[in-house]
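First comes the structure, then the notes that go with it.
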Amino acid sequence: MWFAYFLNYADRQAMFAMFPALKLDLGMTDEQLGLVGTVFLWVYAFGCPIAGQIGDRFSKRLLVVLSLVVWSIITLATGLAASGTIMLALRAAMGVSESLYMSSAVALTANAHPPELRSRAVSMLMTGQIAGTVAGSWFGGWMADRGEWRGAFFVLGAVGVLYALPYFIFLRSVNEPAGTISVVSAPRFAATGLIKVRTFLLLCVVFPIFVFGLWLLYGWLPSFLHDKFSLNQSDAAFNATVFLQTATFVGVIGGGVLADVLYRRTKAARYWLMATSLLLCAPCMHALGNSDTLMVTRIAASSFGFFSGLLIGNIFPAAFDVVQGDARASAVGALNFFGAIISGFATLFGGLWKQSLGIDRLLSLTALGYILAGVVLIFGIKRLFPRDFERIHPTQA
């Protein structure tokens, strides 16, 4: 599951390290480059709730393999793009194909572990996102510097297609609860029940603010460092990802372990860690855009990565604390829907406002949003969480 998730992010992130090459070879403008992320995220967003419904009604094992095959073929085709318009169309197709994966992958992982181990298990899966971001961005920049950006997509796509067979064989041995593959036994619309869970609705507000900041960094930090410190594409991609994502890896794993330990003391442990994450990420994000030296920028990136990991590793297990087990894929799909819709604006605004407002000021404004989201989440912990948790776990409340 981890390696498939690794490929999921490597395939989608490689392009963000190639922006200078795409401007040169395909004549794409900053606005079009901003749309590269926006088109993907918005199509992905609308696919996620549908994918969640499908995942709660049919076999999650088949869905994750099908998603891998389709997005890998689209990655191969991306290497053949002859214009900016074709590139955007392929990114939209990538959004459809990858939306099938996330909901079912997280639900499969969560279903295999009890609540006391769930953050640890999901956080391990989330590290695939981190490693894929680093590897895809570095590989894309490295190939682009050598004039072989098309080859990067050919290699990544081929790896995904080849991995599909052993992946499918492995998943055949994974037990899947019968209720998750029966149209009759599954809820007709699992999302209907989610609307009644106020804590989950709060997560649907907080999570998009968080991922807006993530995608602003994922989409524009390589280009920002390329311009600010006169780095080549591979060095910019390296500095924009390795320090950030290495620290995120530590934060995700540490946050998952810590959440499971604290869960034994307070059932709201995952929520407290997420609120802490938002409040501590804010000053780091401001520093990322306003540091005068590359060294200070690396420190800010590492600090942001570590604190962001606390939220990344716990957002889905936290949702499962207040959501019925037969609606978990739908819960992931709903969270990804709102997250992707809002984060699509991050890459778009980066392109539209790069020359006027500037990426540095946009990062500072996002930091203020993080502080507000953290305060709102603390309110939810006090006022909303106890009742919603008791509804799902009456014997543990």
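Where a number appears in this text, it was derived from the coordinates with a stated rule and is not lab data. As the structure is a computational prediction, the values presented were derived from the model and not from experiment. All Cβ positions, even for glycine, are placed from backbone atoms using ideal geometry, and neighbour counts span all protein chains on display.
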Where labels lie 7 Å past Cα in the beta-carbon direction, separation of residue 46 and residue 387 in nm: 3.5 nm
Region 327-397 to region 57-122: how many Å between their Cα centroids? 21 Å
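Report the relative contact order of the chain, percent, no decimals, based on alpha-carbon pairs under 8 angstrom and at least 6 residues apart.
Values: 738 pairs, mean separation 113.1, N = 397.
For the chain, the relative contact order is 29 percent.
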Going by average Cβ neighbours within 10 Å, how do the peptides 243-254, 265-276, 77-88 rank, with the highest at the top? 243-254, 265-276, 77-88
Between residue 384 and residues 5 or more places away or on another chain, which pairs have amide H atoms under 5 Å apart, with H built 1.01 Å from N, and which residues are they? none
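Mean residue ellipticity at 222 nm from the helices of the chain, using -39,500 (n - 2.57) per DSSP H segment of n ≥ 4 over the full residue count, to the nearest 500 deg cm²/dmol?
Details: 16 runs with 322 residues, N = 397.
One gets -28000 deg cm²/dmol as the mean residue ellipticity at 222 nm.
I need the helices of the chain that pass two filters: whole DSSP H segments spanning 30 Å or more by Cα along the axis, and mean Kyte-Doolittle score no lower than 0.5. List each step's numbers first, then the result.
Details: long enough: 30-57 (41 Å, 0.58); 84-111 (41 Å, 0.94); 115-145 (46 Å, 0.24); 149-171 (33 Å, 1.66); 198-228 (44 Å, 1.30); 233-263 (43 Å, 1.00); 269-290 (33 Å, 0.82); 328-353 (37 Å, 1.22); 359-383 (36 Å, 1.41).
The answer, listed by residue number, is 30-57, 84-111, 149-171, 198-228, 233-263, 269-290, 328-353, 359-383.
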Please compute the contact order of region 56-152 in relative form: average sequence separation of alpha-carbon pairs under 8 Å and at least six residues apart, divided by the residue count, as a percent. 30 percent
Net charge near residue 213 (other residues with Cβ under 14 Å of its Cβ; Lys, Arg +1; Asp, Glu -1) is 0
Running a GNM on the chain with Cα contacts under 10 Å, which residue among 109, 366, 347 ends up with the highest mean-square fluctuation? 109
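With a ≥ b ≥ c taken as the square roots of the eigenvalues of the C-alpha gyration tensor of the chain, please select rounded if a/c is under 1.5 and otherwise prolate if a/b is larger than b/c or oblate if it is not? Could the numbers behind the result be given before it?
Working: a/c = 1.87, a/b = 1.27, b/c = 1.47.
It is oblate, given that a/c is not under 1.5 and a/b is not larger than b/c.
R0 = 51 Å: FRET efficiency of residue 229 with residue 324, Cβ-based, nearest 0.05?
Numbers: r = 49 Å, r/R0 = 0.97.
Efficiency computed from Cβ-Cβ geometry: 0.55.
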Please list, or write none, the lysines whose alpha carbon is within less than 27 Å of the alpha carbon of residue 23, excluding same-chain residues fewer than 8 places away. 228, 354
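Give me the dipole magnitude in Debye, nearest 20, for the chain about the Cα centre, with unit charges on the beta carbon: positive for Lys and Arg, negative for Asp and Glu. Could the numbers behind the result be given before it?
On the way: 27 positive and 19 negative charges, 221 e Å.
The dipole of the chain has a size of about 1060 debye.
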Shape call for region 86-143, from the Cα gyration tensor axes a ≥ b ≥ c (a/c under 1.5 means rounded, otherwise prolate when a/b beats b/c, else oblate), comes out oblate
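When you count, for each residue, the other Cβ atoms within 10 Å and take the mean per peptide, how do 36-42, 281-287, 377-383 rank with the highest first? Present the calculation step by step, with values, prior to reporting the outcome.
Numbers: 36-42: 24.4, 281-287: 22.9, 377-383: 17.0.
Per-residue mean Cβ counts within 10 Å order the peptides as 36-42, 281-287, 377-383.
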